[in-house]
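Here it is: the structure, laid out below.
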Amino acid sequence: MELSDADADRGRDLESPAAAGSFRCRQILVDLLRPFGSNARRSADRLIGAFGSLGGVLAAEPAAQARVLGAETAAVRHLCTIREAMLHALRCDALAGPILGDSQALLTYLTFDMAHLPTERLRILYLNSANRLLCDVTEPEGSVNATRVLPRAIMRRAVEVGATALILVHNHPSGDPTPSRDDVEATRRIADAARALDICIHDHVIVAGAAWTSFRALGLLRAAA
């Protein structure tokens, strides 16, 4: 579907790729909001101003969207429905078969689901010997270190569900996916506990904005293990 904007700057084709991408995100949001009133452009600008990007808007909690849009509750419900539909489709693609930490489908799903969260969350995917998902757990709010998730508790759940492998995932609200010293240390503790039970840590992935980092690819998981 071709989207148009009668008020668009005629010179936008000369914009940088980043500016063009930002314009396109705004236009998509305007078209999504257009059925809900005559102020779609203003609402789109307010949402992107509050959440930074189209991804940030879709990832925002409904209550946060409502604070920006005020009485436009139908628009908030519409945005939530779109996000849920996209998330479900991406999850189905990512989890349809064996799951590997470097799967592009998995990384796309996790980035969409977690990269724009306003607070840091730790998530653990528990897998069986065929790398099929057994359990998907998001720990309480906080950083990998600050959540105080003991490796012992993670391993207890792994044993309970019969997991033989794990993929760790967390987000950096700062937008920088670079692992911190605390991230590396927390991963080392979890890897040590997993090794004692012959449980494999396939990867630890950090997602932030449109970017992600793999501990396995960086060699940090091997160093931690």
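In which sequence would Thr73, Thr119 go, from the one with the fewest C-beta neighbours within 10 Å to the one with the most?
Ascending number of Cβ neighbours within 10 Å: Thr119, Thr73.
Also: Along the principal axes of its C-alpha atoms, what lengths does the range 100-224 span, in descending order and rounded to whole Å?
In descending order, the Cα extents are 34, 28, 27 Å.
Here's another thing I want to ask about it. Rank these for me by crowding, Arg189, Arg132, going from fewest to most other beta carbons within 10 Å.
Going from least to most buried by this count: Arg132, Arg189.
Project the alpha carbons of the range 20-150 onto their principal axes and report the range along each, largest first, in whole Å.
Answer, in whole Å and largest first: 54, 32, 28 Å.
Which cross-chain or sequence-distant (5 or more) residues have an amide H under 5 Å from the amide H of Glu120, H modelled 1.01 Å from N in plane?
Gly142
At 0.36 nm per residue, minus the direct Cα-Cα distance, what do Arg41 and Ala196 gain on full extension? Give it in nm, one decimal, please.
Residue separation times 0.36 nm, minus the Cα-Cα distance, leaves 50.2 nm.
Still on this model: At what distance in nm do the modelled label points of Ala74 and Arg188 sit from each other, each positioned 7 Å from its Cα along Cα→Cβ?
Here the answer is 5.8 nm between the modelled labels.
For Arg24 and Asn128 in the same chain, what is the full-extension length gain: residue separation times 0.36 nm, less their Cα-Cα distance, in nm?
Separation in residues times 0.36 nm, less the Cα-Cα distance, equals 33.3 nm.
Right, something else. Return the sequence-ordered ³J(HN,Hα) values of the range 160-166 in whole Hz as given by the Karplus equation 6.51 cos²θ - 1.76 cosθ + 1.60 applied to θ = phi - 60°, using x for Gly and Pro.
4, 8, x, 6, 10, 8, 9
Given N residues in the range 12-89, what is its alpha carbon radius of gyration divided by 2.2 N^0.38 Å?
Output field value: 1.08.
What FRET efficiency comes out for Ile82 versus Leu150 if R0 is 41 angstrom and r is the Cβ-Cβ distance? Round to the nearest 0.05.
In this case the efficiency is close to 0.60.
Of all beta bridges DSSP finds with both residues in the range 155-225, what is the antiparallel percent, to the nearest 5?
Antiparallel bridges: around 35 percent, rounded to the nearest 5.
Bear in mind these aren't lab numbers, they're just calculated from the coordinates by the rules spelled out. Computed from a prediction, not measured in an experiment: that's the story for all the values here. Positions of Cβ are generated from backbone atoms using ideal geometry, with glycine treated the same way; all protein chains shown enter the neighbour counts.
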